[in-house]
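Worksheet: one structure, shown below.
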Amino acid sequence: MSSPADSPNTALIIVDVQKDNVGRYCQAIILNIQLLIKRARERGIPVIYACDSRYVDDYLFKRLGRKPHAIRGTDGVKVIDELSPAPGETVIEKRMLSGFFGTDLDFTLRDKGIRRLVITGVRTEFCLYKTVLDAFELGYDIIVPRDSCASPSEEGHGAIMKSLEFLKIPTPTAEELARGL
């Protein structure tokens with residue numbers, strides 16, 4: 001896991017915890033993410049938000065037959081009030097599932113000397129997982145607190161947690177992780 005000596009090379013990434021993306025299934029993770037944000041801020045660990053920012057005619061909505069959400073320029077793209085970014089914290093807009101694809105997230109992290117990522121957010125089996133996989137392939141050390149990511153599908157969430165085990169990505173609880181940050 002992590003130790004306090006490693007904290008300067010760590011960043012907390014919060015994926016898609018936005019007004020249009022948070023449903024009932026997310027309520028249990030909010031307190032856990034708040035704990036991680038509090039601890040990160042106390043330790044000077046960067047908190048970075050990777051947020052959906054889509055267009056009304058986005059191909060993803062058409063392809064999946066989903067109602068448009070997290071549309072640029074609307075309140076729906078804002079991070080939920082309980083987890084609002086502090087002044088100076090980075091918000092990365094993303095049009096794809098991954099926080100890395102087509103954004104400057106990787107450049108931002110490398111510019112700060114970050115090598116370890118704590119990745120939290122919604123939905124476990126889509127945007128969170130795609131962000132984790134891209135971070136993995138880019139060579140970052142990754143931690144995914146299992147109680148700080150959510151999906152409306154327990155089966156989907158569980159499958160991703162199993163996949164992370166296979167990739168040897170630690171999945172501690174938020175409380176366990178906060179003690180080591």
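The values are calculated or read from the model by the stated rules, or taken from the named source; none is laboratory data. Since we're looking at a predicted model, the values are computed, not measured. Virtual Cβ from ideal backbone geometry, glycine too; neighbours counted across all protein chains shown.
Could you check, for the stretch 63-85, whether at least one of its residues is of a type outside the set (Phe, Trp, Tyr), in contact with a strand residue (DSSP E or B) (Cβ under 9 Å, 6 or more places away or on another chain) and closer than 18 Å to Lys112 by Cβ?
Yes, because at least one residue in the stretch 63-85 is of a type outside the set (Phe, Trp, Tyr), in contact with a strand residue (DSSP E or B) (Cβ under 9 Å, 6 or more places away or on another chain) and closer than 18 Å to Lys112 by Cβ.
Take the residues in the stretch 140-181 that are of a type in the set (Asp, Glu) and within 15 Å of the chain's Cα centre (by Cα); name whichever of them is farthest from Ile13 (Cα to Cα).
Per the stated criteria, the residue is Asp147.
Which one of the conditions (1) in a strand (DSSP E or B); (2) surrounded by fewer than 16 Cβ atoms within 10 Å (Cβ to Cβ); (3) polar (S, T, N, Q) does Thr108 fail to meet, given that it meets all the rest?
It fails just one condition, (1).
Please state which one of Thr74, Thr90, Thr10 is over 16 Å from the mean Cα position of the chain (by Cα), modelled with pLDDT of 95 or more and of a type outside the set (D, E, K, R). Steps first, please.
Numbers: Thr90 fails: over 16 Å from the mean Cα position of the chain (by Cα); Thr10 fails: over 16 Å from the mean Cα position of the chain (by Cα).
That would be Thr74, the only listed residue that is over 16 Å from the mean Cα position of the chain (by Cα), modelled with pLDDT of 95 or more and of a type outside the set (D, E, K, R).
Take the residues in the stretch 39-63 that are aromatic (Phe, Trp, Tyr) and more than 19 Å from Val122 (Cβ to Cβ), then tell me which one is surrounded by the most Cβ atoms within 10 Å (Cβ to Cβ).
Among them, the one singled out is Tyr55.
For the stretch 162-175, name all the residues that are exposed (fewer than 15 other Cβ atoms within 10 Å of the Cβ) and either without any contact (Cβ under 8 Å) to a residue 12 or more places away in the chain or under 19 Å from Asn32 (Cβ atoms) (or both).
Those that are exposed (fewer than 15 other Cβ atoms within 10 Å of the Cβ) and either without any contact (Cβ under 8 Å) to a residue 12 or more places away in the chain or under 19 Å from Asn32 (Cβ atoms) (or both): Lys162, Glu165, Phe166, Lys168, Thr173, Glu175.
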